[in-house]
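J.: What follows is a structure written as structure tokens; I'll ask about it next.
The values are calculated or read from the model by the stated rules, or taken from the named source; none is laboratory data. Just so it is clear, the model here is predicted, and its values are computed rather than measured. With ideal geometry, Cβ positions are generated from the backbone for all residues, glycine too; neighbour counts draw on all protein chains shown. Calculation scope for accessible area: heavy atoms of the full protein, side chains included, ligands and nucleic acids excluded. Shrake-Rupley method; radii C 1.70, N 1.55, O 1.52, S 1.80 Å.
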Amino acid sequence: RYDAVYGLSLAVMYSVMSISITFFNKAVLSYYKFNYSQMLTLGQVLFSLAFLIILKKWKYIEYPEWSNKLAFQVAPLSFFFLSMVVTGLVSLSVVNIPMFNALRRVATLMVIVGEYFLLGKKTAVDEALSVVVMTGGALVAGAGDIQFDLFGYLLSFVSCACTAAYLIYISRVTRVTGLNTFGLMFYNNVISLPVLIILTYILEYDGLVQYEGYGDIGFQLCFFGSSVAALLLNYLIFMCSKVNSPLTTSITGQLKTIVTTLVGLVAFQDVDPNPTFLFGLFLSTLASVWYSVIKYNQMRQRS
């Protein structure tokens, strides 16, 4: 009973952080016109890494010292992490939040397929059907999206594939390396750091030098909020993937879209709520609720 409640609590906190980081990132990228996703990701990684090092120095947390062998084992996870974050941020900068959320639901379907082929895990028929309906709703919404951006849509699908691989691979890396949650975060951030520095310098240096909004207190708060939310979200992703299944972690992250979709419809001026678009969002959201009921009933049966 305790394990079920603990897993559910982690899932709820994961949803809250997912909501927070979506709006912080959208505000930084769109409202403040800071179109530098590599730099935003670099700021998040630097903040997380500094936080982990300080907490270890103060003996609040523990994780192993640097090991080339461990770094080699964690490297594929870092690749999926970077690909997931960078493609997701670029997509978010050109796609409205409701549609971004709808497209992200495709990740859940990819997790089901990945778990079947890589982990040999079969998903119950009603679960799979709810995810198919969820994905279908996203496609319907896309057909009615007047602000359609092919580049943003393609990046969203790439981000979904990387998210699915990231969630599935976490379980494998944890088993192979024996690293705890903080150890995984530490190695993931250290490996990602030099790649992000190079990408930021090559792709965004000139724009960063010319950007004039650094002194805006609103921009500073949103950038800082994004970094804090990224730290907590990464921690909760690792914890959820250890306590819950990768599929449960993925779908829980999608449930937060019920809130972000509604707020996103009115918070940003990049949505045209036509009937086809709204019906697709409604269908996708309804399927998310359906899946939640299925998982809740399964949890009650196990406890």
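J.: Being under 27 Å from ALA164 (Cα atoms), open to solvent by 40 Å² or more (accessible area, probe 1.4 Å) and in a helix (DSSP H, G or I) is the filter here, so list the residues in the stretch 35-61 that pass it.
T.: Scanning the stretch 35-61 gives MET39, LEU46, PHE47, PHE51.
J.: Only one of these is in contact with an Asp or Glu (Cβ under 9 Å, 6 or more places away or on another chain) and open to solvent by less than 50 Å² (accessible area, probe 1.4 Å): GLY137, GLY152, GLY183. Name it.
T.: That would be GLY183, the only listed residue that is in contact with an Asp or Glu (Cβ under 9 Å, 6 or more places away or on another chain) and open to solvent by less than 50 Å² (accessible area, probe 1.4 Å).
The rows are residues; the columns are (1) assigned to a helix (DSSP H, G or I); (2) open to solvent by 10 Å² or more (accessible area, probe 1.4 Å); (3) within 30 Å of MET110 (Cα to Cα).
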{"position": "ARG172", "(1), (2), (3)": "yes, yes, yes"}
{"position": "ASN189", "(1), (2), (3)": "yes, no, yes"}
{"position": "ASP206", "(1), (2), (3)": "yes, yes, no"}
{"position": "GLN220", "(1), (2), (3)": "yes, yes, no"}
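J.: Next question. Take PHE219 and tell me if it is in contact with a Gly (Cβ under 6 Å, 6 or more places away or on another chain), of a type outside the set (S, T, N, Q), touching a residue at least 12 places away in the same chain (Cβ under 8 Å) and within 23 Å of VAL95 (Cα to Cα). Show your work before the answer.
T.: Values: in contact with a Gly (Cβ under 6 Å, 6 or more places away or on another chain): yes; of a type outside the set (S, T, N, Q): yes; touching a residue at least 12 places away in the same chain (Cβ under 8 Å): yes; within 23 Å of VAL95 (Cα to Cα): yes.
Criteria met by PHE219.
J.: Restricting the search to the stretch 62-100, which residues are more than 19 Å from the chain's Cα centre (by Cα) and assigned to a helix (DSSP H, G or I)?
T.: To start, the set of residues in the stretch 62-100 that are more than 19 Å from the chain's Cα centre (by Cα) comprises 62-73.
ASN68, LYS69, LEU70, ALA71, PHE72, GLN73 - these are the residues of the stretch 62-100 that are more than 19 Å from the chain's Cα centre (by Cα) and assigned to a helix (DSSP H, G or I).
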